[in-house]
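Beneath this line is the structure, given in structure tokens, with notes to follow.
The values are calculated or read from the model by the stated rules, or taken from the named source; none is laboratory data. As the structure is a prediction and not an experimental result, all values here were calculated from the model. Please note: Cβ atoms are built from the backbone with ideal geometry, for glycine as well, and neighbour counts cover all protein chains shown.
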Amino acid sequence: MKVLKFGGTSMGSASAIRQVQAIVKSQSEPVVVVVSAVGGITDRLVLAANTAVRGEDYQNIIEEVVKKHATIAQELFEDNGQADLHSSCQDVWQELRQVLKGVYLTRELSTKSYDTIVGVGERLSSVFLSQLIDGAKLFDSRRFIMTEANGKGHHVKYNETMQAIGELKFSLSKVNVFPGFIAANADGENTTLGRGGSDYSAALLAAGLEAKALEIWTDVDGFMSADPRVIKRAYCIEHLSYAEAMELSHFGAKVIYPPTIIPALQKQIPIKVKNTFNASARGTLIDDQKDEQQRVKGLSSIKDVALLTLQGNGMIGITGISMRMFSALASHNINIILISQASSESSISVVLANEDVEVARLALIKEFDKEIARREINGVSIDKDMAVVAIVGEGMKHAPGVSGKLFSDIGRNGINIYAIAQGASELNISFVIHARDLRKCLNVVHESFFLSAYQAIHLYLVGVGTVGKNLLQKITRQSERLLKTEHLSIRLAGLANSKQMIFNDRGLELESALEVLQEASPGTIDQFVEQIIANNHSNSVFVDCTASALVAEKYQRLLENNVSVVTANKIAGSSSYARYEQLKKTARQKGVKYLFETNVGAGLPIINTINGMVQSGDRILQLEAVLSGTLNYIVNNVSADRPLSEVVLEAKELGYSEPDPRIDLKGTDVLRKLLILARESEYALEEQHVEIKPFVPAEYFTDEAVEGFLERLKAYDATFEAMRAEADAKGKVIRYAASLKEGRARVGFIEVDAHHPFYNLADSNNKVILRSDYYYEHPMEIKGYGAGADVTAAGVFADIIKVVNL
Ligand code: ADP
Ligand code: ASP
Ligand code: MG
């Protein structure tokens, strides 16, 4: 014999009920079928009761309930059996109307009236199903499930109930239908088992009848790794132990009403959770077995709770404080969801329902009034609108590192934890966060434990010039491979240019993002940044492919809000040292990344290399570098027949130089790069410390327009050529280089002979020579192509991936 329970959605419409009928019919052995009310009806009945007691019009609500049932009956039975159905339901409707009227007139809602009203749904749905299935026998659960008053609700009298159900054994037929949820007390008054209680009814019947199995048929494929309404990628858990299922349901996994597990566990009856609308899916099996190999099985959460803390140094070492605290709360029927006490004993925190918090606070202030007056206890502090998250799995037992991973992933995403509790059974780690962080937290934890091989990055890109566009192309090309082989999903969650912006939580379509952006509504960088912060997504990365000072100003706020920053823009790194240091420090504190490898030498691994040296204890002593691809291209190409002004124009047309080549020719770009390299090498270098000789003297930079400047530059051709020819005559070449040596930082021309490492630096190559404690005689040299959108975008891409590869 099996017990099958069908929930509200399974009973939610005529077609769903037909589905139930088919599942019942397909059973080869006798079955007990427990049903919930038609989906949504219990909520309406609760509303009707609460409306009536306020003396407001509840009739509409009841008419709606009647209509819903009438529609279903009509569809199910057409004409046949309607009369029958009508007569068996008439008295239920009448009773409902009578009780509601009484509540309305007296403005009093007793437990008895309330339970009568809200239990009506199951009485009706069970009639429907029993009439639909040929030969089915209908039972009234109120005759078998006995309760007694307990706090705010009812408690099942277990032994009496088991006995009453046991005696039923002999009167069962092949299909036996029971309403879930409803019960009765010793006086024969209507009671209920609490919201969601039909699961429990079914478990009690299964235990009393010693059923072979208990099946909970619902509207999802089974017990999921997390609430599927919040976590889109939650998957069905194949197997849970009773203890795991109990913990998960206690901490909010609504799919099973928590008390359900106990009768099944006591009688060792396996529970299956199945989908009425996808009956062939395997579902979840809950039994006594433990899976050791998977450490964490699922996560669940509770909202609308408050954290209440009793605090004071006078509590330390005093016995009986917690006993008095819990008794005071218990005497007001306040349910405690979680307890956490610091080992210093100077505070005890409990989590309870938001709605209980005021009563709880007053109860505790009264209980500890003397201690508060003597200042041994500071008082009661309350944080409302919190949430509890629990991760559950028997495999966590003796497996070190679970909480380390849990809390570091949460912290890195900027989620503050208010209290933590871990049972000594090590079955569950639960912690308290602010409710506004709940969705993000569930996503972070779900990803890090269940999809550990899979991570999602939420990317926000600003700047769609040559580098930004190129980056988008690269991401488009690589995203499938990254997903497959690296299990990394890159979601472009936002895209902006200087005027417009677009967002999509689940990721913009990469191929069309640029076009969509052109059509988008206007938005400022401030709005873009605020939206990123409001989105509060896990692994958020802001990518700056602009050269804008306005954008660079936003890094601090982003990092403070746990958004990593990857930038090709040199402005922030080369502004004041204090600002640079502040950004680095914020990123460290917040556990996020601030990466700017492409600021120097585009894709060349220069900053990375310096970081590696410094972190391993090496000291950078000297630094010499050719850092401008554009300027190196120019010095390499000017000759007796090719004047400077012509080569500058060419470099501009080839896309080497900045759109305004004066940025390069002033030496500003090289200066910025030197500042960044020096700072990464642990020198607090400021711009004013650098001796700089511009590539082209300052007097040439007066013209507003680029064209005017290029024209004027011709006047400098001869001087420049003379400088070049002079070096040439000595067998040397000129280079525009940056150096940090013996306390001096310089940017300007140098002449180098054939032995110098810069001598053969062709085209637009860059080269950095690093002398350190470990690399002195034979310095470290990094050389290669150091400019261009392709290598820069590749470098930015590499930084983005570094954000998650911690
Ligand atoms: P029924 O009416 O069948 O009893 P419920 O609404 O009580 O169904 O419970 C099923 C619902 O529980 C699912 O539709 C899902 O939205 C929600 N739920 C929350 N957490 C989980 C979880 N971990 N696994 C499955 N479902 C969950
Ligand atoms: N109908 C009741 C409720 O909605 C009981 C149940 O469905 O389990 O709470
Ligand atoms: Mg339910």
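If you go through the stretch 168-186 and keep only what is modelled with pLDDT under 95 and either crowded, with 22+ Cβ neighbours inside 10 Å or not small (Gly, Ala, Ser) (or both), you end up with Leu168, Lys169, Phe170. Can you find a residue that is near ligand 2 (Cβ under 9 Å from one of its atoms) and touching a Pro at 6+ places or on another chain (Cβ under 8 Å) anywhere in the stretch 35-46? Checked the stretch 35-46: at least one residue is near ligand 2 (Cβ under 9 Å from one of its atoms) and touching a Pro at 6+ places or on another chain (Cβ under 8 Å). Scanning the stretch 743-754 for residues that are in contact (Cβ under 8 Å) with a residue 60 or more places away in the chain and of a type outside the set (A, V, I, L, M) gives a single hit, Gly748. The number of residues in the stretch 520-538 being in contact (Cβ under 8 Å) with a residue 12 or more places away in the chain, in a helix (DSSP H, G or I) and more than 28 Å from Glu597 (Cβ to Cβ) comes to 1. Among residues of the stretch 248-271 that are more than 16 Å from ligand 1 (Cβ to nearest atom), those with a beta-carbon under 9 Å from a residue that is β-branched (Val, Ile, Thr) and part of a loop (DSSP other than H, G, I, E, B) at least six positions away or on a different chain give the pairs Pro263/Ile269.
Determine whether the stretch 285-296 contains at least one residue that is touching a helix residue (DSSP H, G or I) at 6+ places or on another chain (Cβ under 9 Å), buried (at least 21 other Cβ atoms within 10 Å of the Cβ) and either more than 28 Å from Val380 (Cα to Cα) or free of Cβ contacts under 8 Å to residues at least 24 places away in the same chain (or both). Yes; the residues of the stretch 285-296 include at least one that is touching a helix residue (DSSP H, G or I) at 6+ places or on another chain (Cβ under 9 Å), buried (at least 21 other Cβ atoms within 10 Å of the Cβ) and either more than 28 Å from Val380 (Cα to Cα) or free of Cβ contacts under 8 Å to residues at least 24 places away in the same chain (or both). Here Thr485 fulfils each of the conditions (1) assigned to a helix (DSSP H, G or I); (2) more than 29 Å from Glu553 (Cα to Cα); (3) of a type in the set (Ser, Thr, Tyr); (4) touching a residue at least 24 places away in the same chain (Cβ under 8 Å) apart from (4).
Matching residues to (1) of a type in the set (S, T, N, Q); (2) under 31 Å from the mean Cα position of the chain (by Cα); (3) crowded, with 16+ Cβ neighbours inside 10 Å:
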| residue | (1), (2), (3) |
| --- | --- |
| Tyr257 | no, yes, yes |
| Ile262 | no, no, yes |
| Leu265 | no, no, yes |
| Ala281 | no, yes, no |
| Leu310 | no, yes, yes |
| Asn313 | yes, no, no |
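Only a single item in (1) of a type in the set (Gly, Ala, Ser); (2) surrounded by fewer than 20 Cβ atoms within 10 Å (Cβ to Cβ); (3) more than 30 Å from Ala705 (Cα to Cα) is not met by Gly655, and it is number (3). With respect to the conditions (1) more than 23 Å from Phe596 (Cβ to Cβ); (2) touching a helix residue (DSSP H, G or I) at 6+ places or on another chain (Cβ under 7 Å), Arg557 falls short on a single one, namely (1). On the stretch given as the stretch 189-204, residues that are within 16 Å of ligand 3 (Cβ to nearest atom) and buried (at least 22 other Cβ atoms within 10 Å of the Cβ) total 10. Applying the condition of being of a type in the set (Val, Ile, Thr) and closer than 19 Å to Ala798 by Cβ to the stretch 568-601 and asking which residue is modelled with the lowest pLDDT yields Val592. For the stretch 99-131, the set of residues classified as surrounded by 24 or more Cβ atoms within 10 Å (Cβ to Cβ) and small (Gly, Ala, Ser) consists of Gly119, Gly121, Ser125, Ser126, listed by residue number.
Of the candidates Arg233, Arg229, the single residue that is among the basic types (Lys, Arg), within 8 Å of ligand 1 (Cβ to nearest atom) and more than 18 Å from Asp288 (Cα to Cα) is Arg229.
Look through the stretch 442-476, keep the residues that are hydrophobic (A, V, I, L, M, F, W, C) and without any contact (Cβ under 8 Å) to a residue 60 or more places away in the chain, and return whichever of them is surrounded by the most Cβ atoms within 10 Å (Cβ to Cβ). Filtering the stretch 442-476 for residues that are hydrophobic (A, V, I, L, M, F, W, C) and without any contact (Cβ under 8 Å) to a residue 60 or more places away in the chain, the one surrounded by the most Cβ atoms within 10 Å (Cβ to Cβ) comes out as Leu472. Any chance the stretch 304-311 includes a residue that's within 16 Å of ligand 1 (Cβ to nearest atom), in contact (Cβ under 8 Å) with a residue 12 or more places away in the chain and touching a strand residue (DSSP E or B) at 6+ places or on another chain (Cβ under 9 Å)? Yes: one or more hits.
Scanning the stretch 211-231 for residues that are touching a residue at least 60 places away in the same chain (Cβ under 8 Å), more than 15 Å from ligand 2 (Cβ to nearest atom) and either of a type outside the set (D, E, K, R) or surrounded by fewer than 19 Cβ atoms within 10 Å (Cβ to Cβ) (or both) turns up Ala211, Lys212, Ala213, Gly222, Phe223, Met224, Ser225, Ala226, Val230, Ile231. Residues considered: Val32, Val24, Val99, Val3. Of these, the only one that is in contact with a Leu (Cβ under 8 Å, 6 or more places away or on another chain), under 24 Å from Ala184 (Cβ atoms) and away from ligand 3 (no atom under 16 Å from the Cβ) is Val32. Consider Val541 carefully, then state whether it is within 21 Å of Asn443 (Cβ to Cβ) and in contact (Cβ under 8 Å) with a residue 40 or more places away in the chain. Yes, satisfied. Considering the stretch 489-529, the residues that are within 18 Å of the chain's Cα centre (by Cα) and among the charged types (D, E, K, R) include one that is surrounded by the most Cβ atoms within 10 Å (Cβ to Cβ), namely Arg491. Residues considered: Ser300, Ser249. Of these, the only one that is within 30 Å of Ala363 (Cβ to Cβ) and within 16 Å of ligand 2 (Cβ to nearest atom) is Ser249.
Considering the stretch 236-259, and only residues there that are within 15 Å of Val392 (Cα to Cα) and aromatic (Phe, Trp, Tyr), the residue that is nearest to ligand 3 (Cβ to nearest atom) turns out to be Phe251. The set of residues from the stretch 1-25 being away from ligand 1 (no atom under 16 Å from the Cβ) and touching a Lys or Arg at 6+ places or on another chain (Cβ under 9 Å) comprises Met1, Lys2. Evaluation of Glu658 against the conditions (1) at pLDDT below 90; (2) more than 41 Å from the chain's Cα centre (by Cα) shows that the sole unmet condition is (2). Reported count of residues in the stretch 272-289, each being assigned to a loop (DSSP other than H, G, I, E, B) and either closer than 20 Å to Gly180 by Cα or within 13 Å of ligand 1 (Cβ to nearest atom) (or both), is 5. Of all the listed residues (Gly7, Gly40), the sole one being under 15 Å from Phe128 (Cα atoms) and touching a residue at least 24 places away in the same chain (Cβ under 8 Å) is Gly7.
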